[in-house]
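The values are calculated or read from the model by the stated rules, or taken from the named source; none is laboratory data. Being a predicted model, the structure only gives us computed values, none of them experimental. Positions of Cβ are backbone-derived with ideal geometry, glycine not excepted, and every protein chain shown enters the neighbour counts.
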Amino acid sequence: MEKDKIAILTDTNSGITEEMQKKLGVFVIPMPVIVDGRSYFDGASIIQADFYQRLRHGANVGTSQPSPRQVMTAWSDLLRTHETVIYIPMSGGLSGSVYSARAIASEYRNVHVVDNRRISVTLRQSVLEAKQLADAGESAENIVHFLEDDARNADIYLAVNTLELAKRSGRVTSTAATLSTVLSLKPVLRIQGDKLEAYKRARGMAAAMDVMIDALQKDRVERFPGQKVAIRALMRATKLWASCGANAFRTPFPT
């Protein structure tokens, strides 16, 4: 049986679900998540809706990188049906997945581990572009070079409704979290490459959305002038807020 040429593999930090995998023709390793001391696998033994419900009810949550056994099993399975595997885990600046995988990859002849320096929707975009290049007949080496060269050509802006999780993890003090709640201050964060930083604060979520929209417009003009830009919005909110947020982003960025 003739093997397919290249398999594109990522992890569930990309947001690619099992249903999407089949449609897109890519492969995904479920990342471990820990809820109240118990381990689950994202999208396998716990679904996102359940995870966020537990989060809202005060569960202690955390994440972990895929184990070496998970990674090696995924590679070995794919190499039975493909000549080469390109593995694109979440950013090496925000997780140890890349470095662990590269150590393991030294034992494999046809596995490429890429530090694409991206997470979430930007990681998913890279996976889709890698798949398109593979389908177009590009070599694994050219795809890897493209992903590494293009790594920093992306930004993520995110607003959080509460600093409760940051307070629990010790990233902010209880006083700061309480003041943020009382004053309805919503921090807007930016992830660029492997760097997470505070961008601005806004009073209320609607104002935070305006901050993110302004930032995207500024990026489009200053960082990517004259270029085709892909903009993705991801929301964890009530249906009403999600609808309002989607409309807020569609108006300045029509398709």
The residue that is modelled with the lowest pLDDT, considering only those in segment 1-21 that are surrounded by fewer than 19 Cβ atoms within 10 Å (Cβ to Cβ) and touching a strand residue (DSSP E or B) at 6+ places or on another chain (Cβ under 6 Å), is 3
Among the residues of segment 22-38, is there at least one that is β-branched (Val, Ile, Thr), touching a Pro at 6+ places or on another chain (Cβ under 7 Å), surrounded by 18 or more Cβ atoms within 10 Å (Cβ to Cβ) and within 20 Å of residue 118 (Cβ to Cβ)? yes
Take residue 205 and decide whether it is over 19 Å from residue 91 (Cβ atoms) and at pLDDT below 85. yes
Of (1) surrounded by 23 or more Cβ atoms within 10 Å (Cβ to Cβ); (2) without any contact (Cβ under 8 Å) to a residue 12 or more places away in the chain, residue 106 fails just (1)
Expected output for segment 72-87 (first residue closer than 12 Å to residue 112 by Cα and assigned by TED's automatic domain parsing to the domain that holds residue 119, partner crowded, with 23+ Cβ neighbours inside 10 Å and hydroxyl-bearing (Ser, Thr, Tyr), Cβ below 9 Å, 6+ apart or cross-chain) is 75/87; 87/10
Checked against (1) in the same structural domain as residue 122 (by TED's automatic domain parsing); (2) without any contact (Cβ under 8 Å) to a residue 60 or more places away in the chain; (3) surrounded by fewer than 16 Cβ atoms within 10 Å (Cβ to Cβ), residue 50 satisfies every condition except (1)
query = Being among the basic types (Lys, Arg) and either at pLDDT below 90 or at positive phi (or both), is that true of even one residue in segment 117-134?
reply = yes
Within segment 19-78, the residues that are closer than 26 Å to residue 107 by Cβ and of a type in the set (Lys, Arg) are 69
Segment 27-112: helices (runs of 4 or more DSSP H) wholly inside it with 2 or more residues that are over 18 Å from the mean Cα position of the chain (by Cα) and of a type in the set (S, T, N, Q) are 68-79
For segment 88-109, does any single residue satisfy the condition of being of a type in the set (Asp, Glu) and closer than 28 Å to residue 61 by Cβ? no
